[in-house]
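Down below is the structure, laid out as C-alpha cells.
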Amino acid sequence: MLRVSQARKIFYPGTPDERKALDGADLSLATGEFCVVIGSNGAGKSSLLNAISGRMPLDEGRIEINGADLTDLPVFKRAARIASVFQDPMIGTAPTMTVAENMLLAELRGRRSSLSPGLNAERRDLFRERLSVIGLGLEDRLDTNVGLLSGGQRQSLSLVMAVSNQPDLLLLDEHTAALDPRTADLVMKATISAIDTHDLTALMVTHNMKHAVDYGDSLIMMDSGRVRLSMSGEEKAAATVETLIERFHETPDWLMLQEA
Amino acid sequence: MFDFLISFWNVVPVTFAQSLIISFVVMGIMIPFRILGFPDLTSEGAFPLGGCVAAVVLAAGFNPLLAMLMALICGFAAGCTTAWIHLRFRINTLLAGILVLTMLYSINLRIMGRTNIALFNFDSLFKWISPSMANIPTFKIVVVGVLVLLVFAAGWYFFLTERGVTVRAAGAGPQMAEAQGINVWTITVLGVGAGGALSALGGSIMVQSQGFADVNMGLGILINGLAALIIGESVVGRSSTLRQLAAPVVGSAIYYQLISLCLTLGLKPADLKLATGLFVLLMLGLPQLRSGGRYRTVPPQEKVKE
Ligand SMILES: Nc1ncnc2c1ncn2[C@@H]1O[C@H](COP(=O)(O)OP(=O)(O)O)[C@@H](O)[C@H]1O
Ligand SMILES: [Mg+2]
C-alpha cells in the first residue's frame with residue numbers, strides 16, 4: 001500500500017549546520033496496517049511523515065501509494081489519498097472560517113469543488129453527526145469561527161476532518177502531545193475508533209510508550225533519519241513497555257523514550 | 001454660516017456616483033488583502049491601466065462594453081502577474097506589487113501613446129444606455145449602482161459555493177488549505193487577478209464618467225481605497241462574507257462624502273493625500289498604540305525575498 005524507499009533529505013548540505021532529516025529511510029505498510037512510530041527527538045519522524053504528505057520534498061528516494069509514484073506530486077495533489085493531523089492544533093484548521101466550513105473543506109478533499117452552494121441542511125446534519133463522535137460538543141457549534149475554539153477542540157476538529165473521507169493513508173504526528181490529558185485521551189480514543197471502524201492505513205508518531213504498546217499492528221523506531229528497528233504481528237501484540245525498552249536497548253537513544 | 005453645508009449638499013450625488021465607481025477598486029483591494037491574505041498594491045497601476053485601455057478602445061470607435069471587457073482582461077493579467085512574481089520568485093508581496101505598478105506606468109503610456117485622451121466626443125457606457133441622460137448624476141448612480149450590485153451579488157454567491165469556500169481557505173491558512181487538496185498557487189494567482197480586474201473595471205468606468213483618461217489618474221488610489229475599506233469595515237464589520245463584501249461599497253460611499261465635506265470646509269485639495277495617509281496610518285497604528293507593553297520589541301525582520 002505505502003512504500004517509502006531510500007528517502008533522503010539533507011538540510012544545509014556541506015555546511016557546518018548540515019542536518020540529515022532523512023538518511024535512506026525505508027518503510028512499507030500493508031493496506032489496513034496501523035503502524036506506530038517512535039524515536040528520539042530529531043530522529044526524523046516528522047520528516048518521514050512530511051516526506052510522505054509532500055510537505056518536505058525529498059532529495060532522493062521514492063514514495064509510492066498503491067503502486068502510484070507520488071514523489072514529484074505537490075502536497076495538494078497527494079491530499080486526495082493522504083490526510084494528516086499535526087502536533088500543533090493551530091495548523092490543521094482555518095481559524096477565520098466556521099466549523100462547518102472547515103468540515104466542508106475536508107468533505108471536498110480530493111474532489112473537484114463545484115459552483116453550487118457549499119453548505120446545505122443535508123451536509124450540516126452529516127457534519128453534526130461526525131463531530132458528535134468526539135464528545136466535546138462541537139456538533140452544536142457548527143457556525144462558530146474555529147479561531148474561538150480551544151486547542152483541544154481544534155485538534156478534535158482536525159482529526160474528524162482527517163478521517164472524514166476515509167483517506168487511503170492517515171498520518172498522525174504526535175497529534176495529542178500538545179493537549180491536556182483529558183482532551184488528549186478523548187482525541188486518542190476517537191483516533192483509535194476511527195482507525196478501527198474504517199480499517200484505515202495509518203502511521204502514528206508518539207512519544208508515549210504506553211500508546212506505542214497499546215495501539216497499532218506494527219511499530220517502527222527511527223534514529224538518525226532511518227528506520228532502525230521494526231516489530232509486527234505477534235511480537236508487537238505481545239510487547240510491553242519493558243520489552244520495547246529491552247528490544248531497543250542496543251540503540252543509544254532509548255533513554256530518550258519517555259515512559260507513560 | 002451654513003453655506004458650506006449647502007455647497008456640500010449640492011455635490012452629494014456627484015460624489016456618490018464617483019464613490020460607487022471607486023467601490024470597484026476598493027473591492028479589488030479587499031479581495032487580495034482580506035480574502036487571500038495577500039497585501040496587493042497592483043490596483044494603483046491597474047486602475048489607470050483600465051482607464052487607458054478603455055480610452056483607446058473607445059477612441060477607436062468600439063462599443064463601451066467591449067472597452068470595459070478589455071480593461072477587465074488587462075487588469076486581470078496585471079493582478080495575476082503580481083501574484084505570480086511573488087509565488088515564483090518568492091519576492092515580497094508589496095515589492096511584487098510595486099514592481100508591477102511601476103512597469104504598468106510605462107505600459108499605460110505605450111497603450112495611449114500620449115499622456116491623456118479626451119473622450120467627450122466618443123461613446124461611453126452612459127451615452128450608450130441613454131444619450132440624453134448621460135450627464136445626470138442620478139442616472140450615473142443608477143447605472144453604476146446596478147453594476148456594483150451585480151458584482152456584489154456574484155461575490156456573495158461565489159464565496160459561499162464549494163469553490164468559494166476553498167478560495168477563502170487558501171487565504172485563511174495556505175498550509176492547511178494545501179493539506180486539504182486545495183491548489184493554493186492557482187487560487188492566489190486567479191484571486192489577485194480578480195482584484196486587478198475589478199480595479200481596472202473601476203478605471204474604465206471612471207474615464208467614461210469624467211470624459212478623459214490620463215496616465216496619472218488615480219495617483220494614490222490605493223491609499224484612498226484602503227482608507228475606504230477600513231472605514232467600511234469599521235461600520236459594517238467583517239465577521240461574515242456578506243459584511244466583508246459590503247464593506248468596500250459602504251466604506252467608499254462614506255469616505256468620498258467625508259472628503260467632499262472636508263473640501264467644502266476649506267481643506268486644500270493638495271493636502272488631501274496627506275490627510276488620507278495620516279488617517280490610514282492612524283487606523284492601522286491605533287491597535288499598536290493601545291497595546292502598550294512594558295517596552296517595545298523589534299518586529300520580525302522583513303525580507304525582500306524569502
Ligand atoms: N525545515 C528544516 N530545516 C532544517 N532542519 C530540519 C528541518 N526539518 C527537520 N530538520 C532536521 O532534521 C532532523 C529531523 O527532524 P524531525 O523529523 O523533526 O525529527 P523528529 O520529528 O523525529 O523529532 C532534525 O535534526 C531537524 O533539526
Ligand atoms: Mg517531530
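The values are calculated or read from the model by the stated rules, or taken from the named source; none is laboratory data. Predicted model, so just to flag it, every value in this text is computed and none were measured. A quick note on method: Cβ atoms are made from the backbone with ideal geometry, for glycine too, and the neighbour counts reach across all protein chains shown. Note: accessible area is taken over every heavy atom of the protein model, side chains too, but ligands, DNA and RNA are not part of it. Shrake-Rupley method; radii C 1.70, N 1.55, O 1.52, S 1.80 Å.
A few notes on this one:
- Violating pairs (Cα-Cα greater than 22 angstrom) within the set A:Lys20/A:Lys210; A:Lys45/B:Lys303; A:Lys189/A:Lys236; B:Lys273/B:Lys303; A:Lys77/B:Lys305; A:Lys20/B:Lys305: A:Lys20/A:Lys210; A:Lys45/B:Lys303; B:Lys273/B:Lys303; A:Lys77/B:Lys305; A:Lys20/B:Lys305
- Per-residue shielding of B:118-131, expressed as the average number of other chain Cβ atoms within 10 Å of the residue Cβ, stands at 0.
- For segment A:118-260, relative contact order (Cα pairs under 8 Å, six or more residues apart, normalised by length) works out to 17 percent.
- Segment B:158-202 - percent relative contact order, Cα under 8 Å, separation 6 or more: 25 percent
- The heavy atoms of A:Ser114 offer some 40 square angstrom of accessible surface to a 1.4 angstrom probe.
- Sequence of A:Ser158, A:Ser5 from largest to smallest accessible area, 1.4 Å probe: A:Ser5, A:Ser158
- Note on surface exposure: B:Phe158, B:Phe24 rank B:Phe158, B:Phe24 by accessible area, highest first, 1.4 Å probe.
- Heavy-atom accessible surface of A:Glu174, to the nearest 10 Å², is about 30 Å², with a 1.4 Å probe and all protein chains retained.
- Placing a pseudo-label 7 Å from each Cα along the Cα-to-Cβ vector at A:Glu242 and B:Arg88 gives an inter-label distance of 6.5 nm.
- Distance in nm between pseudo-label sites at B:Leu242 and B:Ala154 (7 Å out along the Cβ direction from Cα): 2.2 nm
- Distance from segment A:95-154 to segment B:146-174 (C-alpha centre basis), Å: 18 Å
- For segment B:143-178, heavy-atom accessible area (probe 1.4 Å) falls by no less than 40 Å² from the chain alone to the full protein assembly at B:Tyr157, B:Glu162, B:Arg163, B:Val165, B:Arg168, B:Ala172, B:Met176, B:Glu178.
- For the protein assembly as shown, DSSP calls about 60 percent of its internal beta bridges antiparallel.
- Considering only B:Gly285, B:Gly171, B:Gly220, the mean-square fluctuation computed in a Gaussian network model of chain B, springs between alpha carbons under 10 angstrom, is largest for B:Gly285.
- Highest-first arrangement of B:77-85, A:59-67, B:232-240, where packing means the average Cβ count within 10 Å: B:77-85, B:232-240, A:59-67
- Choice from B:Gly225, B:Gly173, B:Gly211 showing the highest fluctuation, given a GNM over chain B with Cα pairs closer than 10 Å: B:Gly173
- Partner chain coverage, peptide A:112-122 - average Cβ within 10 angstrom: 4
- Exposure of B:Lys268 as accessible area (Å², to 10), given a probe of 1.4 Å and all protein chains: 120 Å²
- Within 10 Å of each Cβ in B:79-86, the average number of Cβ atoms from other chains: 0
- Solvent exposure ordering (accessible area, 1.4 Å, most first) of A:Arg3, A:Arg128: A:Arg3, A:Arg128
- Chain B: most fluctuating residue of B:Leu109, B:Leu49, B:Leu226 per GNM, C-alpha cutoff 10 Å: B:Leu109
- For segment B:2-284, the C-alpha radius of gyration sits at 0.98 times the compact-globule guess of 2.2 N^0.38 Å, with N the residue count.
- Rg over Rh for the protein assembly as shown works out to 1.07, using Cα positions for both radii and the Kirkwood form for Rh.
- Normalised contact order of chain B, rounded percent, pairs of Cα under 8 Å and 6 or more residues apart: 34 percent
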